[in-house]
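Okay, handing you the structure first.
Only the coordinates and a few stated rules stand behind these numbers; no lab work does. Because the structure is predicted, anything quoted here is derived from the model rather than measured. Neighbour counts are summed over all protein chains in view; Cβ atoms, including those assigned to glycine, are modelled from backbone coordinates with ideal geometry.
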Amino acid sequence: MASCGHQGRPDMYGLGIRLGIYIQWLGEILVEFFDDADVSDIRLLGLLLSGGIILGLLVAIASQDVQPADVYIVLQLAAGCYIFLIPIYIWNTLSCCDPKWDPLKWTGEIKMPVYGISNVILLTVISAIGIWFFVTDIPTQGRQCEQFGFFFAKIKLDNAAFVVVNIVIYVAIILICVAIALSWTGFWDGQFLVHRRHRRRRSHRTQSATPSSLSRQSGI
């Protein structure tokens, strides 16, 4: 199988675009280390950059003027600013989005509801495109020529294991976004209340049943 010899898309991920994204990533790390109160501004910049390149990708996909490698590169650049937040999102999901256990509450970062909602929407869009890409686009276009991705090493985009791993990751991201969105509606708080009521009823039944059982055993 021959290589496509694809030269890339400067309008989608050219040198200037990549430098802007890399500088934003580095700036986010430095600002969070020195003055976390300004991190929200840097994160907002990353959101705008990611949203812009995803919008360009959607236009290219609609016009069918994009190669599989282009889609893969843009997805990595768009999702790159969230790599630092992956452990936090996973922890928040495991803790059912309980605000008491949110690691970000201990920082001086300013919480903006609009930013949080936009983040969840953008992550969902990125993940949906990623699932479409590996489920639909790669099987139909990825075998026309050799194109490669990266997973700790150079790997073909149509490699079965690579495809499965990426699909699992994108599905997990969507589930996390759904969990976060449900936390805004108070869903998890309601679930906690239901569980607490069940526990109280069980403990009450146990306490009320214990004296009677003891009296029966003692012959009273």
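What distance in nm separates the two pseudo spin-label positions at L19 and S118, each 7 Å out from Cα along the beta-carbon direction?
So the label points at L19 and S118 sit 2.5 nm apart.
Give the calculated FRET efficiency between I83 and L44 to the nearest 0.05, with a Förster radius of 22 Å applied to their Cβ-Cβ distance. Let's see the in-between values first.
Details: r = 17 Å, r/R0 = 0.78.
Approximately 0.80, to the nearest 0.05.
If I stretch the segment between L30 and A172 completely, what's the gain in nm (0.36 nm per residue apart, minus their alpha carbon distance), one decimal? Mind showing how you got there, number by number?
On the way: separation 142, 0.36 × 142 = 51.12 nm, distance 2.86 nm.
Length difference between fully extended and current span is 48.3 nm.
Still on this structure, please answer the following. Applying a 10 Å radius around every beta-carbon, put 73-80, 149-156 in order of their mean neighbour count, most first.
Details: 73-80: 20.8, 149-156: 11.6.
With the highest mean Cβ count within 10 Å placed first, the list reads 73-80, 149-156.
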